[in-house]
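Data block below; observations after.
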């Protein structure tokens with residue numbers, strides 16, 4: 001074995017990657033060749049020095065800050081994921097409730113109006129009072145909810161439009 | 001249960017509950033921090049980068065294939081983060097004071113020696129090209145296998161070996177030049193040679 005071959009094999013030797021026959025041949029060469037022996041020992045010593053490099057202590061903020069950020073990340077992504085379905089669900093629900101309250105009352109209302117026509121002016125006064133009394137809070141409530149549903153919907157559209165732009 | 005299996009389990013759990021990610025963090029923060037610290041030479045920034053690494057890992061957990069090896073992937077992210085940092089800080093980089101050491105079981109004199117050695121060797125490492133520094137640290141400090149290194153660096157196994165060999169030679173030259181190779185510096189550990197060579 002010559003020196004140039006030996007030098008190439010030194011590192012493989014250090015990594016225990018040589019076949020026993022090759023390793024033996026290298027050992028024989030290094031035993032006789034001062035230069036290669038010197039190279040080998042320096043290389044080995046470099047690695048020993050390197051591997052004895054002391055380890056630094058991890059600052060506690062690595063764990064603490066990472067976990068804090070991670071929890072924040074999780075909350076905001078949860079909100080993002082569920083915000084639209086939740087809001088849409090809320091709008092739908094409120095709108096349905098609104099209709100539920102308003103429709104029956106509007107039936108009453110229209111029947112009162114027809115009565116107005118039939119009975120003439122006197123009837124109109126009575127009917128007006130009936131209207132006032134049964135001016136069904138539920139009807140007002142129903143209209144109110146429909147209005148609220150529309151507002152929330154519009155608001156959401158505006159917010160989303162702003163956050164995209 | 002092997003290390004890799006524990007990692008896979010923790011990764012799967014962490015996909016649905018963040019607190020499980022804390023376990024992965026505790027397992028790997030020492031490695032990642034030390035790797036980053038020796039890559040960039042600045043302890044405070046290394047802590048910032050470590051956080052960034054783990055957050056990136058967390059955010060991309062859903063993309064992580066179940067059962068795939070975790071450590072190479074972790075080091076891939078850590079290496080990218082370190083390289084980006086180094087490129088952004090090209091000209092500057094005065095060496096920070098040495099970080100507090102993890103070991104404290106030695107005498108004060110020995111601790112002082114170790115700190116000094118750490119400083120010298122750390123300096124030499126920072127003189128190596130980044131690609132060489134990375135392989136040296138992965139192999140000899142964090143003890144990744146060649147296979148793990150190949151996966152982390154996204155290069156063939158042969159490339160890892162060649163790069164490592166060249167890196168070691170360069171390291172050796174620089175260590176000799178810096179005088180850090182004098183007797184008695186390293187901790188007691190038996191050399192690789194059989195008695196025939198010494």
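Bear in mind that the values in this text are calculations on the coordinates, not laboratory data. Remember, it's a predicted structure, so these values are computed and weren't measured experimentally. Using ideal geometry, Cβ is built from the backbone for each residue, glycine included, and neighbour counts are taken over all protein chains shown.
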Revision key, fill the gap. Cβ density ranking, 10 Å radius, fewest first, applied to B:133, B:166 yields B:166, B:133
Review point. For segment A:1-43, what is the relative contact order in percent, using Cα pairs closer than 8 Å and at least 6 residues apart in sequence?
Key: 47 percent
Exercise for review: Calculate the all-directions average of the projected area of segment B:4-51's alpha-carbon convex hull, and give it in nm².
Suggested key: 3.5 nm²
Exercise for review: Mind checking A:22-35 for the average number of partner chain beta-carbons within 10 Å of each residue's beta-carbon?
Suggested key: 1
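Provide A:16, A:65 in ascending order of the number of other Cβ atoms located within 10 Å of each residue's Cβ, fewest first.
Fewest-to-most ranking of A:16, A:65: A:16, A:65.
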Check your understanding: Peptide A:62-72: average number of partner chain Cβ atoms within 10 Å per residue?
Key -> 6
Exercise for review: With runs of 4+ DSSP H residues as the only contributors, calculate the mean residue ellipticity of chain B at 222 nm using -39,500 (n - 2.57) per run, divided by the residue total and rounded to the nearest 500.
Suggested key: -22000 deg cm²/dmol
Point to revise | Candidates B:50, B:88, B:180: whichever shows maximal mean-square fluctuation once chain B is modelled as a Gaussian network with Cα springs under 10 Å | key: B:88
Study note, to complete from the structure: Full extension between residue A:138 and residue A:93 adds, at 0.36 nm per residue less the Cα distance, a length in nm of 14.6 nm
Practice item. Any chance you could give the angle, 0 to 90 degrees and rounded to 10, that helix B:157-178 forms with the longest Cα principal axis of chain B? Key: 40 degrees
Review point. In a solvent-free Debye calculation with one equal scatterer on each Cα, what is log10 I(q)/I(0) for segment A:1-101 at q = 0.17, 0.24 Å⁻¹, listed in the order of the q values?
Key: -0.85, -1.16
Study note, to complete from the structure: Longest principal axis of chain B (C-alpha) makes with the long axis of helix B:3-16 (C-alpha) an angle, in degrees to the nearest 10, of 40 degrees
Review point. When the C-alpha atoms of segment B:1-126 are aligned to their principal axes, what extent does each axis show, in angstrom, from largest down?
Key: 46, 38, 20
Check your understanding: To the nearest whole number, what is the average tally of beta carbon atoms from other chains within 10 Å of the beta carbons of peptide A:9-15?
Key -> 4
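Apply 1/(1 + (r/R0)^6) to the Cβ-Cβ distance of residue B:102 and residue B:15, taking R0 = 51 Å, and write down the FRET efficiency to the nearest 0.05. Walk me through the numbers before you get to the answer.
Numbers: r = 31 Å, r/R0 = 0.60.
About 0.95, to the nearest 0.05.
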Review point. Mind checking the angle between helix B:18-40 and chain B's longest principal axis? C-alpha axes, 0 to 90 degrees, to the nearest 10.
Key: 30 degrees
